[in-house]
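Visitor: Below is the structure I would like to discuss, written out as structure tokens.
The values are calculated or read from the model by the stated rules, or taken from the named source; none is laboratory data. Since the structure is predicted, the reported quantities are computational estimates derived from the model, not experimental observations. Don't worry about glycine lacking a Cβ; one is built from the backbone with ideal geometry, like all the others, and counts go over all protein chains shown. All accessible areas refer to the heavy atoms of the entire protein, side chains included, with ligands and DNA or RNA removed. Shrake-Rupley method; radii C 1.70, N 1.55, O 1.52, S 1.80 Å.
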Amino acid sequence: VFESRVTVPETVYQNAQVRNKFRVFGDAQIELGCVLQIDAPTRSATVELFAGNKSAEHTMSNFRIQVAPCAELQVVETLAAPPVFPPKKQERHLFRAQCSAPYARAPAVRVSYFVQGAERVIDFPFPLPFNKFIEGVPLAPQAFMSTWQKVQPSNGLERQDVVTPSAGIVLETIEEKMLGLGTACSGLSSQVPSDFASLFTRCRAVWHVQG
């Protein structure tokens, strides 16, 4: 027995902020995944949603994906998945998105289908955060520090968070996440003590917004 209506947690949107390929939702009946192809200079993207019928017995019918209107992000369907998914069948659904202005919240998405005579609805935010359209600008160390020193907590432009990793620090993972957030990351370095008892890594990034 499945819930007739499911709201996917905001973590799917957080995953989209730092990855271009991720899982959206899954249970014993359906699997939803997403692949993003970003063209930051033109502020456009191709959003490929994958849907799979995981059941070996039951057919999914009347399958639909609807995206709510958004003034800042125009989303056009370019390829629709078929309405009927036989058992163990996977299909893809394509959208073309064009960003015209910054947006704080992506439009809502609703996936609906029927299985065993009952309708199921799955809601989640369109997995295309605004940071995907940010381009990193490489800066020489001196230029970066000069810019960094102009950013002060008093003007509301600086935020600092201290986190304690539960499974150690992997610099390659940090770099991947920084790049995903739209920075121009030229490589991270850290001095690791021989006993690995303590490791301090500082990541700094400056976002310059052009209005």
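Visitor: Out of everything in region 32-60 that is farther than 20 Å from residue 98 by Cα and open to solvent by 40 Å² or more (accessible area, probe 1.4 Å), what residue ends up being nearest to the chain's Cα centre (by Cα)?
Guide: Within region 32-60, the match that is nearest to the chain's Cα centre (by Cα) is 50.
Visitor: In the set 92, 19, 5, which member is at pLDDT 95 or above, open to solvent by 30 Å² or more (accessible area, probe 1.4 Å) and of a type outside the set (S, T, N, Q)?
Guide: Sole residue among the options that is at pLDDT 95 or above, open to solvent by 30 Å² or more (accessible area, probe 1.4 Å) and of a type outside the set (S, T, N, Q): 92.
Visitor: Residues in region 47-67: is at least one modelled with pLDDT of 95 or more, among the acidic types (Asp, Glu) and closer than 21 Å to residue 7 by Cα?
Guide: For region 47-67, residues modelled with pLDDT of 95 or more, among the acidic types (Asp, Glu) and closer than 21 Å to residue 7 by Cα: present.
Visitor: Taking region 18-34 as the search range and keeping residues that are part of a loop (DSSP other than H, G, I, E, B) and of a type in the set (D, E, K, R), which one is farthest from residue 90 (Cα to Cα)?
Guide: Looking at the filtered set, the residue picked out is 19.
Visitor: Can I ask one more? Residue 27 versus (1) open to solvent by 70 Å² or more (accessible area, probe 1.4 Å); (2) within 19 Å of residue 86 (Cα to Cα); (3) among the acidic types (Asp, Glu): which is the lone unmet condition?
Guide: (1)
Visitor: Within region 101-129, restricting attention to residues that are more than 17 Å from the chain's Cα centre (by Cα) and in a loop (DSSP other than H, G, I, E, B), which residue is surrounded by the most Cβ atoms within 10 Å (Cβ to Cβ)?
Guide: Per the criteria, the residue is 116.
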